[in-house]
Amino acid sequence: MKTCALFSGGKDSTLALWCAIHQAHDVKCLLTVFPERRDSWMFHHPGVEWTHLQATAIGIPQVTVKASGVKEQELSALSQSLSRLSATHGIECVVTGALASEYQKSRVDRVCDQLGLRSIAPLWGIDPERLLAEQLQMGFEFILSACMAMGLSQSWLGRVIDSAALNELKGLRKKYGIHLAFEGGEAETFVTDAPIFTNRLRILEAEPIWTGDAGYLNIVRADIVEKQLRNQ
């Protein structure tokens, strides 16, 4: 099935893409939406300008589109892009990294239904603790690119999520009730390596932007390196 993967550069969309590839979908392109507002209800913002490096590392063409970021209005950009891809690439199916957000999944489903496309969310309903643990075991590497929840201080920005970080997140879940996969808007992630990457990303320069009790990581410079250069 000719497929388009909605791709934000975060852990969920990257894992959903991995699932699509391993389920023998013919992934023709990655569609990345650039919201003009950081508080977009639908689309990931932090680090999205660096998704072209991830697309290069994956080896699948990327299509980008700008959206207003205004609630509900931003769906028109998604609909128009998918309509064009259906006509130009023969897209029949859309894969998303939706895990627990009814708001996001229902709107993608609605857009796809209107266009006669199949909407697939391979991660939907999976236990978040199991999901994170399995991703780490599979070799996914990702950092926190934004923090918007109690317990996630500025020190978490840019931190690689490994088994030690996962254990700390479990403690924060118990204390503050955060969603381990951040589906409540607690945080955003940026993937630097994955099993479907031929090379990995290296962040050369980044600065935390912190206001009050929330913030994001502004990635200033990044590049692609061979995987054996992970620790260099």
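Okay, here's what the table says:
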| quantity | calculated |
| --- | --- |
| So GLU186, is it within 18 Å of ILE219 (Cβ to Cβ), under 15 Å from the mean Cα position of the chain (by Cα) and open to solvent by 10 Å² or more (accessible area, probe 1.4 Å) | no |
| Some residue of the stretch 146-153 being in a helix (DSSP H, G or I) and surrounded by fewer than 14 Cβ atoms within 10 Å (Cβ to Cβ) | no |
| Scan of the stretch 69-96 for residues that are in contact with a strand residue (DSSP E or B) (Cβ under 7 Å, 6 or more places away or on another chain) and crowded, with 18+ Cβ neighbours inside 10 Å, ordered by number | GLY69, GLU74, ALA77, LEU78, SER81, LEU82, LEU85, ILE91, CYS93, VAL94, VAL95, THR96 |
| Pair list, Cβ < 6 Å and 6+ apart or interchain, from the stretch 120-132 residues that are among the acidic types (Asp, Glu) to residues that are surrounded by 18 or more Cβ atoms within 10 Å (Cβ to Cβ) | GLU129/LEU180 |
| Candidates SER119, SER81, SER106, filtered to the one that is farther than 22 Å from GLU183 by Cβ and not in a loop (DSSP other than H, G, I, E, B) | SER81 |
| Whichever residue in the stretch 127-142 is over 17 Å from ILE178 (Cβ atoms) and of a type in the set (A, V, I, L, M, F, W, C) and, among such residues, is least open to solvent (accessible area, probe 1.4 Å) | PHE140 |
| Test: residue in the stretch 169-177 that is in contact with a helix residue (DSSP H, G or I) (Cβ under 8 Å, 6 or more places away or on another chain) and among the hydroxyl-bearing types (Ser, Thr, Tyr) | no |
| Matching residues in the stretch 84-102 - criterion: being in a helix (DSSP H, G or I), among the small types (Gly, Ala, Ser) and under 18 Å from the mean Cα position of the chain (by Cα) | none |
| Condition broken by SER106, with the remaining ones in (1) modelled with pLDDT of 95 or more; (2) open to solvent by 40 Å² or more (accessible area, probe 1.4 Å) satisfied | (1) |
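The values are calculated or read from the model by the stated rules, or taken from the named source; none is laboratory data. These figures come from a predicted structure and were not determined experimentally. In this analysis, Cβ positions are derived from the backbone assuming ideal geometry, glycine residues included, and neighbour counts consider all displayed protein chains. SASA here: full protein model, heavy atoms, side chains in, ligands and nucleic acids out. Shrake-Rupley method; radii C 1.70, N 1.55, O 1.52, S 1.80 Å.
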